[in-house]
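Have a look at the structure below before the remarks.
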Amino acid sequence: MSRARRARQVPLRTHWIVLTLLLVCLSGSLLLHGYTHHMFGTEPDGAVIATGPHNAVPAAVAKGGPLIDATGTAPRSARPKPKTIAITFDDGPDPEWTPKVLDLLKAQGVKATFFVVGTEVVAHPELTRRIVAEGHQIGVHTFTHANLSSASGWRRSLELRQSQLILAGATGVSTPLLRPPYSSEPEALTNADWNAIKHARDDGYLTVLTTQDSEDWRRPGTEQVIANSMPKSTAGQILLMHDAGGDRTQTLDALQRLIPALKARNFRFATVSDTVGIAQPVHPASAVERGRGLAVIWAMRLSDGALTILTWLLYAAGALSVLRAITTVVAAKRHARERYWSWGEPVTEPVSVIVPAYNESAGIEAAVRSLAASDHPVEVIVVDDGSSDGTADLVESLGIPGVRVIRQANAGKPAALNTGLQAASYELVVMVDGDTVFEPDAVRMLVQPFADPSVGAVSGNAKVANRKGLLGRWQHIEYVVGFNLDRRLFDLAECMPTVPGAVGGFRRSALERIGGLSDVTLAEDTDLTMALCRDGWRVVYEERAVAWTEAPASLGALWRQRYRWCYGTLQAMWKHRGAWVQGGQSGKLGRRGLTYLLFFQVLLPLLAPAVDVFALYGFAFLNPVRVGLVWAGFLALQLGMGFYAFRLDGEKAGPLWSLPLQQFVYRQLMYLVVIQSVFTALAGSRLRWQRMERYGTLNVPPATADVAR
């Protein structure tokens, strides 16, 4: 019994848990990033004018001062002291303008109040700490600059709580001062604004509005900013300015002249609390608040990092996809021009056809009859590998001349093929799966390249026979577009990594020189092909050698087949990794073939989940039209490849209508297969041979059946 069949199959479930956790964490990070960067208002505070009824706003508030305590049934407000001004700055901190504002205030000996946005504090915590360290007062301007008047209750709480935690984590202080974005003077409050202010008070906040708006966000010119900021009387003011949100040059120039002018009029500058005459509201945060705040800050930074990494992965996946499309199409076009190139004198010598069979009774008759009906002289050797369904008896009962059966105890497919090789009568050998039906000229076409003595193996053109249903169509598309386009490229680059078990021709002497077939991998066809390349033989593709194979008819069967293929390919790549540093034909396999497999059959599928997650992120938080156009562009690229590949293979393009649907089921299954295979390989586990279920859907082509009779 082969090593692959003796090996215990170890169930691998932990990696799926890990993968699920990673995807959950990634999705959570993207949701956080999307919320903090794409679900808040980007317009300046004054650009949004509050509208709506005012009847619910208490008169004491509407006609009162700019600092509002909306406590219970008796809300209160406070006005600034005469000839006292609190300069307030919204929307920061900003890495360019906040330091310049702080430098100017320090030079003028003025203390101000900064209402900061939580997301900006996360981005620039050092500036927030500087604001506090230099004696300025600090307040919150929500987490994401959200309009609290139109926000739901849960979002209001989130905006205020997260802002407070971030401040605690970044500066170690907590503040009850709040300036709602898009607010202005008390008399402009609407019922919705008042509801938001009461909600904020329930969370412990004092609302700070304004009495004078510099309108610096409009950038009307320095003179106009000064005029807007200059008090018209000796009454105290809370002046609104900005240290972020765009070019603040006019703000700085206005402050440079405004502060000395107001000092000359005997105005005093103070923080908001000093201006209205209340005790210092800012106090040290607790250790718990600081810890939770730091956790929020790091979560946001990780979300930013995750998006950065995901963006680069998306670029990498896109570049690899485009590169593969261009490379394969260009290679296929060149390969098509050489379609009728002659290898030399026609090969007419007989061929030994080996059919390894294990419980193949469903399709073995059609396979054997099609081989016996070949228009090239053949002997057919069916090696029954311990079947329990009467496969050998069925073949013998056919009584077809030139067909013989060899029975052996179950030892695995490689051992069955080696048995067939020992019994073969001829130098040229064709290996055929027991579920494959050959066209009458397939053997003849398959052996013609052997006219070139450097050719050691030939890959034929395997086509899906059971194409009905979506799964069948998708596999048909994959065979024509994926496998066959790749084989044309490998042929031109002289680095063919796989001659498929369904239809492949070999020199018997070449196989004997490398010791026959090995059972150390689950992809014996890939292992064998790579071994031939490393031994100096050339492996080519003959598209005219057509054979029809039965593809899996269920997702479970497809999973098992592709899992074996992918895992076996990884085993073969690792086994033959030395080809990367060798010369000659072996070096071509390594540096061309193995590199291609690594990038396009391992790394690209591994990037696919990131692409899907980013697409969902884009539809949720970015411009869905733009994201949809990018997706449509890649789909158009795949459709273009599909139409070209179908035309080269002489296939009708009808099944390509299902290609868009393939992106939502089949592609995910294929990249999950790769992920499972990679984890299995990294874990060092071994798999048993996983035989595909046969359905008996293959039939002998009419012409073949007539010849057989």
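The values are calculated or read from the model by the stated rules, or taken from the named source; none is laboratory data. Note that this is a predicted model, so its numbers are computed, not measured. Every residue, glycine as well, gets a Cβ built from its backbone with ideal geometry; the counts of neighbours run over all protein chains shown.
Consider region 347-364. How many of its residues are outside any strand (DSSP E or B) and among the small types (Gly, Ala, Ser)?
3
Could you look through region 147-168, keep only residues that are within 17 Å of PHE114 (Cα to Cα) and small (Gly, Ala, Ser), and pick out the one that is nearest to the chain's Cα centre (by Cα)? So, considering only residues that are within 17 Å of PHE114 (Cα to Cα) and small (Gly, Ala, Ser), the one nearest to the chain's Cα centre (by Cα) is SER163. Being touching a His at 6+ places or on another chain (Cβ under 8 Å), at pLDDT 75 or above and not assigned by TED's automatic domain parsing to the domain that holds GLY246 is a condition met by no residue of region 64-72. Considered as a group, the residues in region 106-124 that are without any contact (Cβ under 8 Å) to a residue 60 or more places away in the chain and within 17 Å of THR271 (Cβ to Cβ) include one that is farthest from the chain's Cα centre (by Cα), and that residue is GLY109. Inspection of region 520-534 finds no residue satisfying the criterion of being under 20 Å from LYS333 (Cα atoms) and assigned by TED's automatic domain parsing to the domain that holds GLN662.
Summed over region 406-454, residues that are in a strand (DSSP E or B) and crowded, with 21+ Cβ neighbours inside 10 Å total 7.
Applying the condition of being small (Gly, Ala, Ser) and at pLDDT 90 or above to region 333-360 and asking which residue is farthest from ARG444 (Cα to Cα) yields ALA357. Does ARG161 qualify as being touching a His at 6+ places or on another chain (Cβ under 6 Å) and either in a helix (DSSP H, G or I) or not assigned by TED's automatic domain parsing to the domain that holds ASP203 (or both)? Considered against the rule, which asks whether it is touching a His at 6+ places or on another chain (Cβ under 6 Å) and either in a helix (DSSP H, G or I) or not assigned by TED's automatic domain parsing to the domain that holds ASP203 (or both), ARG161 comes out as no. Taken together, GLY642, GLY590, GLY578, GLY556 contain a single residue that is assigned to a helix (DSSP H, G or I), without any contact (Cβ under 8 Å) to a residue 12 or more places away in the chain and more than 30 Å from GLY34 (Cβ to Cβ), which is GLY556.
Scanning region 516-539 for residues that are among the acidic types (Asp, Glu) and either under 15 Å from VAL429 (Cα atoms) or surrounded by fewer than 24 Cβ atoms within 10 Å (Cβ to Cβ) (or both) yields ASP519, ASP525, ASP535. Within region 382-404, the residues that satisfy the criterion of being acidic (Asp, Glu) and within 17 Å of ALA423 (Cβ to Cβ) are ASP384, ASP385, GLU396.
Among the residues of region 14-28, is any in contact with a strand residue (DSSP E or B) (Cβ under 7 Å, 6 or more places away or on another chain), farther than 30 Å from GLY568 by Cβ and modelled with pLDDT under 95? Scanning region 14-28 turns up no residue that is in contact with a strand residue (DSSP E or B) (Cβ under 7 Å, 6 or more places away or on another chain), farther than 30 Å from GLY568 by Cβ and modelled with pLDDT under 95. Residue count for region 371-394, restricted to those that are assigned to a helix (DSSP H, G or I) and either of a type in the set (A, V, I, L, M, F, W, C) or closer than 11 Å to VAL355 by Cβ (or both): 5.
Given the condition at pLDDT 95 or above, of a type in the set (A, V, I, L, M, F, W, C), more than 18 Å from ASP213 (Cβ to Cβ) and crowded, with 19+ Cβ neighbours inside 10 Å, answer yes or no: does some residue in region 79-96 qualify? The answer is no; no qualifying residue exists. A count restricted to region 217-230 and to residues that are modelled with pLDDT of 95 or more and in contact with a strand residue (DSSP E or B) (Cβ under 6 Å, 6 or more places away or on another chain) stands at 1.
The rows are residues; the columns are (1) part of a loop (DSSP other than H, G, I, E, B); (2) at pLDDT 60 or above; (3) surrounded by 15 or more Cβ atoms within 10 Å (Cβ to Cβ).
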position	(1), (2), (3)
TRP657	no, yes, no
VAL674	no, yes, yes
PHE679	no, yes, yes
LEU682	no, yes, no
ARG691	yes, no, no
LEU698	yes, no, yes
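Close contacts from region 142-163, counting a first residue that is of a type in the set (Phe, Trp, Tyr) and a second that is assigned to a helix (DSSP H, G or I), with Cβ to Cβ under 6 Å and a gap of 6+ residues or different chains, come to PHE143/GLY118; PHE143/GLU159; PHE143/GLN162; PHE143/SER163.
Search region 568-612 for residues being over 14 Å from VAL678 (Cα atoms) and β-branched (Val, Ile, Thr), and hand back the single one that is surrounded by the fewest Cβ atoms within 10 Å (Cβ to Cβ). If we take residues in region 568-612 being over 14 Å from VAL678 (Cα atoms) and β-branched (Val, Ile, Thr), then VAL581 is surrounded by the fewest Cβ atoms within 10 Å (Cβ to Cβ).
Kindly evaluate ILE400 against the criterion of being more than 23 Å from MET496 (Cα to Cα), of a type in the set (Val, Ile, Thr) and surrounded by fewer than 21 Cβ atoms within 10 Å (Cβ to Cβ). Yes: the conditions hold for ILE400.
Specify the residue that is nearest to GLU365 (Cα to Cα); the eligible residues are those in region 550-575 that are of a type in the set (D, E, K, R) and touching a Ser or Thr at 6+ places or on another chain (Cβ under 7 Å). Selected residue: GLU550. Looking across region 125-146 at every residue that is assigned to a helix (DSSP H, G or I) and not charged (D, E, K, R), the one that is farthest from the chain's Cα centre (by Cα) is identified as ALA133. Restricting GLU159, GLU126 to those that are acidic (Asp, Glu) and surrounded by 23 or more Cβ atoms within 10 Å (Cβ to Cβ) reduces the list to GLU159.
Looking at this structure, is ASP389 in contact (Cβ under 8 Å) with a residue 24 or more places away in the chain, over 41 Å from the mean Cα position of the chain (by Cα) and buried (at least 20 other Cβ atoms within 10 Å of the Cβ)? Walk me through it before giving the result.
Numbers: in contact (Cβ under 8 Å) with a residue 24 or more places away in the chain: yes; over 41 Å from the mean Cα position of the chain (by Cα): yes; buried (at least 20 other Cβ atoms within 10 Å of the Cβ): no.
So ASP389 fails the test.
If you check VAL480, VAL520, VAL458 for being in a loop (DSSP other than H, G, I, E, B) and touching an Asp or Glu at 6+ places or on another chain (Cβ under 9 Å), only one passes: VAL520. Of all residues being more than 30 Å from ASP253 (Cβ to Cβ), outside any helix (DSSP H, G or I) and β-branched (Val, Ile, Thr) in region 185-216, which is modelled with the lowest pLDDT? Just the residue, please. If we take residues in region 185-216 being more than 30 Å from ASP253 (Cβ to Cβ), outside any helix (DSSP H, G or I) and β-branched (Val, Ile, Thr), then THR190 is modelled with the lowest pLDDT.
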